[in-house]
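Undergrad: Input: one structure, supplied below.
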Amino acid sequence: IQATFIPLLDEEDKITGGVIVLTDITELRKLETVRNDFVANVSHELRTPLTSIVGYLDTLLESDVEDPEIRNKFLKIIKEEADRLSILIKDLLNLSEIESHTFDLKPGSFKNVLNKVIKLMEKNAEKKEIELQFEIADDLSPVYMVREQIKQVLINLFDNAIKYTPRAGKIKITVRQIDDKVYFSIKDNGMGIPQADQERIFERFYRVDKARSRAFGGTGIGLSIVRNIIKQHGSEIQVKSREGEGSEFYFYLNTVESK
Ligand code: ADP
């Protein structure tokens with residue numbers, strides 16, 4: 001609670017009374033904290049690769065690194081960190097665009113979008129010898145969606161499933177319709193997510209294991225983009241997972257039959 005005193009003055013500016021205004025600023029404070037946390041997180045995430053870029057550049061410039069092998073190694077690190085920065089900025093812009101607009105949902109074929117994404121991701125799965133299984137119903141009604149956004153959701157979930165599943169693992173995609181909803185699920189037999197982290201993984205920048213996620217090229221933004229998009233579709237992204245056994249992410253979309 002914030003209290004403000006407004007004095008009432010007479011002609012000679014003497015205080016003759018006053019009004020106390022009490023304002024409940026809990027919500028305001030909360031919003032402020034969320035925003036401050038976000039800015040702090042963004043700054044930290046941007047600074048980490050930048051510090052490393054500047055560090056390696058300084059070394060290259062100041063101490064004549066003559067060994068071409070070492071020089072190349074440093075340049076490669078600089079390139080990797082710069083790429084990381086650019087992915088991070090792309091993800092951030094993407095998230096802020098999704099958060100600041102409401103989009104028009106249009107009827108479309110979920111299966112078409114999914115097939116496109118499968119074609120895109122198959123190669124990555126193959127590289128890790130991951131076996132893909134599909135159980136996709138034939139007669140699905142059109143769903144209300146923003147195509148590009150649903151494509152993004154599927155890419156992010158698929159990408160994570162591949163990233164967090166070891167070589168020669170398994171990923172199963174299931175799509176079925178129950179009444180006026182199309183259900184999508186992607187299940188892997190990878191490392192899984194500890195119970196305590198399961199609620200938090202949808203937060204911006206939250207990663208179960210920062211070092212490991214970074215090594216995989218993760219920014220911690222993918223799932224917050226997923227949650228936002230699915231929310232805009234009037235639905236909710238959910239997760240079931242057991243550490244060491246695997247994870248399943250699932251959501252539904254409303255078909256044109258739903259009201
Ligand atoms: P990142 O860019 O780190 O992958 P995400 O927002 O996509 O960020 O995911 C947040 C965190 O959730 C990841 O760092 C990882 O710890 C965990 N996670 C996401 N998907 C999976 C999965 N399929 N299996 C295990 N852990 C996962």
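The values are calculated or read from the model by the stated rules, or taken from the named source; none is laboratory data. Remember, predicted model here, so these are calculated numbers, not experimental data. Every residue, glycine as well, gets a Cβ built from its backbone with ideal geometry; the counts of neighbours run over all protein chains shown. Heads up: the accessible areas ignore ligands, DNA and RNA and are worked out on the full protein's heavy atoms, side chains in. Shrake-Rupley method; radii C 1.70, N 1.55, O 1.52, S 1.80 Å.
Undergrad: Taking only the alpha carbons of the stretch 172-252, what extent do you get along each of the three principal axes, in Å, biggest first?
TA: Cα spread of the stretch 172-252 along its principal axes, largest to smallest: 43, 27, 22 Å.
Undergrad: Another question, if that's okay. Scaled to the compact-protein estimate 2.2 N^0.38 Å, what is the alpha-carbon radius of gyration of the chain, rounded to two decimal places? If you can, show how the numbers build up before the last one.
TA: Working: Rg = 24.9 Å, N = 259, 2.2 N^0.38 = 18.2 Å.
Cα-based Rg divided by the globular estimate yields 1.37.
Undergrad: Right, here's the next one. What does the accessible area of TYR144 come to, in Å² to the nearest 10, when a probe of 1.4 Å is used?
TA: Approximately 80 Å² for this residue.
Undergrad: In addition: Once the whole set of protein chains is in place, how much accessible area is left on GLU69, using a 1.4 Å probe, in Å² to the nearest 10?
TA: 150
Undergrad: Please report how far the C-alpha centroid of the stretch 1-78 lies from that of the stretch 221-241, rounded to the nearest whole angstrom.
TA: 28
Undergrad: Moving on to the next point. Given axes a ≥ b ≥ c from the Cα gyration tensor, I'd like to know whether the stretch 68-119 is rounded (a/c under 1.5), prolate (a/b larger than b/c) or oblate. Write down the numbers at each step before the final one.
TA: Values: a/c = 9.49, a/b = 2.08, b/c = 4.56.
Here the stretch 68-119 falls in the oblate category.
Undergrad: Shifting gears a bit: Please work out how much length the chain gains when fully extended from ILE178 to SER258, using 0.36 nm per residue of separation minus the C-alpha to C-alpha distance, in nm with one decimal. Could you put the intermediate results ahead of the total?
TA: Working: separation 80, 0.36 × 80 = 28.80 nm, distance 1.13 nm.
Between ILE178 and SER258, full extension yields 27.7 nm more.
Undergrad: So, taking all protein chains as they sit and a 1.4 Å probe, how much accessible area belongs to LYS127, in Å² rounded to tens?
TA: Counting only protein heavy atoms, LYS127 exposes about 140 Å² to solvent.
Undergrad: Please compute the modelled spin-label separation between HIS44 and GLU32, points set 7 Å along Cα→Cβ, answer in nm with one decimal.
TA: Here the answer is 2.1 nm between the modelled labels.
Undergrad: Enumerate the amide H contacts of MET145 below 5 Å, restricted to partners 5 or more residues apart or on another chain; note that Pro and chain-start residues carry no placed amide H.
TA: LYS106, GLY108
Undergrad: For LYS76 and ILE136, calculate 0.36 nm times their separation in residues minus their Cα-Cα distance, and state this gained length in nm to one decimal. If you can, show how the numbers build up before the last one.
TA: Details: separation 60, 0.36 × 60 = 21.60 nm, distance 4.22 nm.
Stretched fully, the LYS76-ILE136 segment lengthens by 17.4 nm.
Undergrad: Would you mind checking the stretch 206-247 for residues with the amide N under 17 Å from a putative spin-label position 7 Å along Cα→C-beta of PHE103?
TA: In the stretch 206-247, the label zone of PHE103 (backbone N under 17 Å from the point 7 Å along Cα→Cβ) covers 222-237.
Undergrad: Which parts of the stretch 217-259 would a label at LYS170 reach, counting a residue when its backbone N lies under 18 Å from a point 7 Å out along Cα-to-Cβ?
TA: So the set is 240-249.
Undergrad: A follow-up question, please. Taking the Cβ-Cβ separation of ASP58 and ASP13 as r and a Förster radius of 45 Å, what is the calculated FRET efficiency to the nearest 0.05?
TA: Details: r = 62 Å, r/R0 = 1.37.
With R0 = 45 Å, the Cβ-Cβ based efficiency is 0.15.
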